[in-house]
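Below: the structure, in structure tokens.
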């Protein structure tokens with residue numbers, strides 16, 4: 001039923017839907033990213049100079065020198081952009097049945113418009129427990145009438161962190177525009193006032209080819225910290241999540257993810273992330 005979700009939201013959540021989200025200055029953000037990259041490149045250079053030499057023995061018994069690298073990356077610190085509209089996240093938002101389903105659903109994003117340098121970013125969200133009800137995804141440009149994406153998504157097989165990849169839906173964000181994205185649980189298709197929803201805001205910032213090339217030299221763990229420092233939330237969380245997907249039992253990676261969550265006031269979800 002096209003745009004059914006949107007039309008029902010207009011009535012009850014019109015304040016949130018139509019509250020303008022101020023876009024960040026692109027040039028300013030590119031300069032900030034460049035400064036952060038230069039700082040991390042300096043750390044990488046110092047790391048290479050401080051590589052220690054260890055004696056190792058190969059299969060033939062011959063001793064050889066082996067360089068032991070040390071990572072220049074500590075815990076990431078998310079530095080929000082200086083400007084932007086607040087109210088960029090409704091976590092566990094519900095309408096109609098808040099008492100029945102408290103904090104069931106949450107989007108993993110700060111409470112302001114957060115940035116990405118990818119035109120098909122990953123959107124992460126959290127589901128406290130499995131639900132038998134349909135789940136829908138909507139992506140809409142700020143102040144637009146019709147969504148760029150409105151679809152039902154596959155219900156998760158287990159609770160916890162969930163990943164939405166815009167590439168799976170052939171959807172691209174346009175540069176410098178602010179979008180709102182919604183995850184909605186639909187308990188009753190005929191009574192949309194019972195929908196359980198959460199939403200966040202995102203802005204895609206296009207960066208130069210030179211900056212893209214310079215980013216290629218860093219590993220994912222360093223990139224997570226670099227992006228966080230530069231205020232690029234979506235990509236910081238994507239990088240650390242990709243590492244956890246590869247090594248789900250790595251407690252250090254989970255601690256890093258939890259550090260990011262705590263910095264955007266999602267401590268309860270961070271607690272779940274370390275225990276599960």
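Laboratory data are not the source of any read-out in this text; all were calculated from the coordinates shown. Because the structure is predicted, anything quoted here is derived from the model rather than measured. Note: ideal-geometry Cβ built from the backbone for every residue, glycine included; neighbour counts use all protein chains shown.
Using a simple spin-label model with points 7 Å from Cα along the Cα→Cβ vector, what separation in nm is obtained for residue 77 and residue 208? A separation of 2.7 nm, rounded to one decimal place.
For the pair residue 165 and residue 245, label points projected 7 Å from Cα toward Cβ lie 0.5 nm apart.
For the stretch 230-276, rounded, prolate or oblate, judged on the Cα gyration tensor with a ≥ b ≥ c (square roots of eigenvalues), a/c < 1.5 rounded, else prolate if a/b > b/c? Oblate is the answer for the stretch 230-276, as a/c is 1.5 or above yet b/c matches or exceeds a/b.
Which of rounded, prolate, oblate describes the stretch 139-276, given a ≥ b ≥ c as roots of the alpha-carbon gyration tensor eigenvalues and a/c under 1.5 marking rounded, otherwise prolate only if a/b is larger than b/c? Oblate.
Footprinting exposure proxy ranking of 115, 75, fewest other C-beta atoms within 10 angstrom first, gives 75, 115.
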